[in-house]
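A.B. asks: Before I ask anything, here is the structure I am working with.
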Amino acid sequence: MSQLSPVKGKGAITTQRYTFAPRMAKTPKSFIREILKVTERPEVISFAGGLPSPALIDVEGIRAACASILEKDGKVALQYSTTEGYLPLRQFIADRYKKRLGLSVSPDEILITNGSQQCLDLIGKVIIGAGDHVAIERPGYLGAIQAFSLYEPVFHPVTLGEEGPEIAELETTISTSPVKMFYGVPNSQNPSGITYSRRNRQEVARVMEEYGALFVEDDAYGELNFSGTSLPSVRTFLPGQTVITGSFSKILAPGMRMGWVVAPPAIMEQLVIAKQASDLHSNYLSQRIAYEYLTYQDIDSHIRKIREVYRNQCDVMVRMLQEEFPKTVSYTHPLGGMFIWVTLPDGCSSMEVFEQALKENVAVLPGMPFYVDGGGADTMRLNFSNSMPEDIVRGMSRLARVIQRISC
Ligand SMILES: Cc1ncc(COP(=O)(O)O)c(C=O)c1O
């Protein structure tokens, strides 16, 4: 009998027992998705998710872009298209790298993906064989841990300090194990909110170059830096060994599922093959709408508005942490992005905080799933982008009381 056939009883299917590929046993279920199910009640003030503010999704602008594309080029926009993606959109992305970061990228080095999450899957598919060694920040982005886990790597966590990954630890890791790639989020990292310093970026590049490893630079939050000034991409210092992933989710709308990957030609060739096998190409209508929107709306002023709103919400959350929380609680003060990372005093469990806070209708995200080696039981992630300032004040007051009550 095929391993995938349902098990049959006396003439009828009584139970469903299936044998899955071993890789599935090594891939964690997204803890966030599970937690979000509990926190979806309308009365809950949720700092647990990672959604952009609904107030900053320009429905009217996207409606106009959609109507315009359907009217002027509907039959083409609704057809199959190329795997690489709509060339003018790739050119737009390349031009923006030049303008924002002084980075020279050719449109041929860009592949449009189904959100930047798909980049992580494709990178895993073409780079990671079972048992290959992969370094990742500690704490690391949960979605990357999940995407890479499907390809059965050996993970090496590298501590993320205030300035970025601890360079000595990275160097020791990579000199003692055959690490193929290091995945990191240099701008306003998820979950910690940490931004690598300029010097740290140069050092990461130096170590990668010395040991011939690839750096995967996830730049989902690069446009959301509150000051509006960007630090250089690691690719500036490591052009041949950096793969960048980018996303329109935080500046346009996550539901459009538009992202991209920038890779040197030899890697791009493999990514295109993997993408073809996966889904032929990304949603072409979405690509055309995104390009129409980016061409005819003032995206720079839209991004300035997003930065302003998030900076204010972040400031309110930090002020609440400063003023209402026990001094033994430490936290990051992000330069951008959507998250603050909180470390509770020794022996205090964020899972207990999660459970107690939920009874007060506040949701937080315990930090353990962001660690590939266990640990993080005293950490939690707080999202500030999806709550209005007044909800942040109310929710954080309740959270402070919970933490005081369980005597952290
Ligand atoms: C660091 C990071 N990378 C990638 C993603 C995936 O985003 P998307 O697929 O919407 O581009 C996220 C989503 O929150 C993220 O935080």
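The values are calculated or read from the model by the stated rules, or taken from the named source; none is laboratory data. Keep in mind that this is a model prediction, so the values were computed, not measured. Every residue, glycine as well, gets a Cβ built from its backbone with ideal geometry; the counts of neighbours run over all protein chains shown. Surface areas here come from the heavy atoms of the whole protein model, side chains and all, with no ligands, DNA or RNA. Shrake-Rupley method; radii C 1.70, N 1.55, O 1.52, S 1.80 Å.
A.B. asks: For segment 244-274, give me each residue that is part of a helix (DSSP H, G or I) and open to solvent by less than 20 Å² (accessible area, probe 1.4 Å).
C.D. replies: Met268, Leu271, Val272, Ala274 - these are the residues of segment 244-274 that are part of a helix (DSSP H, G or I) and open to solvent by less than 20 Å² (accessible area, probe 1.4 Å).
A.B. asks: Next question. Can you tell me which residue within segment 34-58, out of those that are modelled with pLDDT under 85 and surrounded by 10 or more Cβ atoms within 10 Å (Cβ to Cβ), is nearest to Pro366 (Cα to Cα)?
C.D. replies: Ile35
A.B. asks: Has segment 235-244 got at least one residue that is more than 16 Å from the ligand (Cβ to nearest atom), touching a Ser or Thr at 6+ places or on another chain (Cβ under 8 Å) and closer than 21 Å to Tyr141 by Cα?
C.D. replies: Yes: one or more hits.
A.B. asks: Then there's this: Taking segment 108-148 only, how many residues are open to solvent by less than 30 Å² (accessible area, probe 1.4 Å) and within 15 Å of the ligand (Cβ to nearest atom)?
C.D. replies: 22
A.B. asks: Quick one: count up the residues across segment 81-107 that are open to solvent by 40 Å² or more (accessible area, probe 1.4 Å) and touching a Pro at 6+ places or on another chain (Cβ under 7 Å).
C.D. replies: 2
A.B. asks: Return the residues of segment 342-353 that are open to solvent by 20 Å² or more (accessible area, probe 1.4 Å) and closer than 30 Å to Thr229 by Cβ; say none if nothing qualifies.
C.D. replies: Thr343
A.B. asks: Now a separate question. Spot the failing condition for Ala67; the list is (1) under 30 Å from Tyr371 (Cα atoms); (2) open to solvent by 40 Å² or more (accessible area, probe 1.4 Å); (3) more than 16 Å from the ligand (Cβ to nearest atom), and only one is missed.
C.D. replies: Single failed check for Ala67: (1).
A.B. asks: Let me ask you something else. Are there any pairs with C-beta distances below 7 angstrom linking a residue in segment 99-120 that is free of Cβ contacts under 8 Å to residues at least 60 places away in the same chain to a residue that is buried (at least 18 other Cβ atoms within 10 Å of the Cβ), with the two at least 6 apart or on different chains, and if so which?
C.D. replies: Ser106/Ala94; Pro107/Arg90; Pro107/Ala94
A.B. asks: What is the residue count in segment 354-378 for residues that are in contact with a Leu (Cβ under 8 Å, 6 or more places away or on another chain) and crowded, with 23+ Cβ neighbours inside 10 Å?
C.D. replies: Qualifying residue count for the region: 5.
A.B. asks: Restricting attention to segment 205-226, report how many residues are within 16 Å of the ligand (Cβ to nearest atom) and aliphatic (A, V, I, L, M).
C.D. replies: Of the residues in segment 205-226, 3 are within 16 Å of the ligand (Cβ to nearest atom) and aliphatic (A, V, I, L, M).
A.B. asks: Hey, can you tell me all the residues within segment 336-381 that are over 17 Å from Gly193 (Cα atoms) and part of a strand (DSSP E or B)?
C.D. replies: Correct list: Val362, Ala363, Val372, Gly374.
A.B. asks: Could we say that Phe226 is surrounded by fewer than 20 Cβ atoms within 10 Å (Cβ to Cβ), touching a Cys at 6+ places or on another chain (Cβ under 8 Å) and more than 30 Å from Cys66 (Cβ to Cβ) here?
C.D. replies: Spelling it out, Phe226 is indeed surrounded by fewer than 20 Cβ atoms within 10 Å (Cβ to Cβ), touching a Cys at 6+ places or on another chain (Cβ under 8 Å) and more than 30 Å from Cys66 (Cβ to Cβ).
Here's the yes/no breakdown for (1) at pLDDT 95 or above; (2) under 18 Å from Gly336 (Cα atoms):
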{"site": "Asp218", "(1), (2)": "yes, yes"}
{"site": "Gln241", "(1), (2)": "yes, no"}
{"site": "Ser249", "(1), (2)": "yes, yes"}
{"site": "Met256", "(1), (2)": "yes, no"}
{"site": "Ala263", "(1), (2)": "yes, no"}
{"site": "Gln297", "(1), (2)": "no, no"}
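A.B. asks: Quick one: is Ala277 open to solvent by 20 Å² or more (accessible area, probe 1.4 Å) and away from the ligand (no atom under 16 Å from the Cβ)?
C.D. replies: yes
A.B. asks: Just one of (1) open to solvent by 10 Å² or more (accessible area, probe 1.4 Å); (2) among the basic types (Lys, Arg); (3) touching a Leu at 6+ places or on another chain (Cβ under 8 Å) trips up Arg201, so point out which.
C.D. replies: Only one criterion is unmet by Arg201, namely (1).
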